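See below for the structure under consideration.
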Amino acid sequence: ATMPPLLSTIANAGRHGVLIKSAVALEKFGKTDLVAFDKTGTLTQGTPRVSEIEPVRAAGMSTDRLLSLAAAAERPSEHPLARALVAAAHDRDVPMPHSEDFTSTPGRGVTAIVESAQVRVGSPALLDDVRPAFSEHLAEARTLVRGLEDAGRTAVVVIVDDVPVGVLALADQLRPGAREAVAKLTAMTGRSPIVLTGDNERAARRLADEVGISDVRAALLPDGKVAEVRRLQEQGHRVLFVGDGVNDAPAMAAAELGVAMGRHGSDLALETADAVIVRDELGTLPKVIGLSWRAHRVVK
Ligand code: ADP
Ligand code: MG
């Protein structure tokens with residue numbers, strides 16, 4: 001028996017590595033006129049590496065101790081930056097003490113108790129919450145962050161019992177095929193894709209330049225990504241949002257079409273998405289838009 005055309009198109013998309021959850025989602029691919037990408041884990045490979053470990057000198061902690069505390073606090077996290085810190089601790093044979101009371105805030109970072117101290121690891125925005133009593137530490141941490149971000153790195157701060165003790169830098173690599181996918185999507189939707197990221201502006205711009213995107217909206221919390229999607233929709237756009245993290249799920253739900261990265265995607269992202277790019281190949285996106293165009297010409 002022959003399959004109905006929509007079903008055979010969904011099966012065909014599956015063979016290309018894109019799992020489409022409904023016929024409605026398939027149709028929406030063809031109607032997309034603006035693609036918005038998350039950065040970390042979507043446009044990048046999502047396997048960042050620790051490139052620098054910089055203790056705040058006023059706090060007097062060794063680089064090994066700094067990495068050890070940060071990795072211990074991050075161990076339960078599934079965030080790509082967390083996995084990089086844990087991997088770096090393994091690589092350097094640095095011990096990872098037991099941690100408890102772990103909590104994570106999407107787009108911000110994590111908190112845990114390690115050896116009776118409260119350890120916070122995350123975005124430099126965490127420095128805004130530190131009591132001004134440690135102004136020397138704060139000033140030094142901010143200088144370290146600025147230097148690393150100027151070099152295009154993602155900087156993560158470490159705060160122990162409300163004292164900034166160090167900054168770690170992470171570098172990620174462009175996902176192979178991202179540049180080609182962006183060029184094809186630009187041609188197909190008639191508009192260049194944009195980047196919505198929680199990372200800092202300079203790291204985000206550097207990466208966006210490499211893939212050929214000029215519209216970058218950085219330092220966004222999960223709700224900030226939603227607000228950007230809504231604003232684009234109010235301008236009349238039908239937005240396809242691609243992401244991988246827990247922090248991306250609200251924007252996926254708000255967009256016309258939410259797409260998750262299959263390999264690196266968090267469970268929440270996979271559940272929320274209307275479609276999943278199973279092997280994380282961005283080149284499949286323009287392919288599926290083409291399939292949708294053809295299917296709907298057939299159905300009409
Ligand atoms: P993106 O939008 O690029 O995927 P996220 O929203 O996941 O980035 O993260 C934004 C920023 O929040 C990161 O650059 C980092 O500074 C901080 N962050 C979030 N989660 C963590 C974590 N588990 N450990 C350290 N930093 C984190
Ligand atoms: Mg991400």
Go ahead and run the numbers for FRET between Trp293 and His90, Cβ-Cβ distance against an R0 of 41 Å, rounding to 0.05.
0.30
Cα-based Rg then Dmax for region 31-96, in Å, read 15.7, 57
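How large is Rg/Rh for region 1-122, to two decimals, with Cα atoms and a Kirkwood Rh?
Values: Rg = 21.6 Å, Rh = 17.8 Å.
A ratio of 1.22.
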Suppose the Debye formula is applied to equal point scatterers at every Cα of the chain; what is log10 I(q)/I(0) at q = 0.11, 0.12, 0.15 Å⁻¹?
-0.66, -0.76, -1.07
Between Thr186 and Glu201, 0.36 nm times their residue separation minus their Cα-Cα distance comes to what?
3.2 nm
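What is the sum of charges, Lys and Arg at +1 and Asp and Glu at -1, for the other residues whose Cβ falls under 12 Å from the Cβ of Ser104? If you can, show how the numbers build up before the last one.
Values: positive: Arg75, Arg108, Arg120; negative: Glu74, Glu78, Asp101.
Surrounding charge for Ser104 is 0.
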With a sphere of radius 15 Å drawn around the Cβ of Thr197, what net charge do the other residues whose Cβ falls strictly inside it have (Lys, Arg +1; Asp, Glu -1)?
-3
Please report the Cα spread of region 1-63 along all three principal axes, rounded to whole Å, starting with the longest.
73, 26, 14
Cα pair distances exceeding 26 angstrom across region 176-300, given as percent
16
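Pairs of alpha-carbon atoms within less than 8 angstrom and 6+ residues apart define the contacts here; what relative contact order does the chain have, in percent? Provide the component values of the computation, followed by the final result.
Details: 639 pairs, mean separation 73.2, N = 300.
Relative contact order, the chain: 24 percent.
Laboratory data are not the source of any read-out in this text; all were calculated from the coordinates shown. This is a predicted model, so every value here is computed, not measured. Cβ coordinates were reconstructed from backbone atoms using ideal geometry, including for glycine residues, and neighbour counts include every protein chain displayed.
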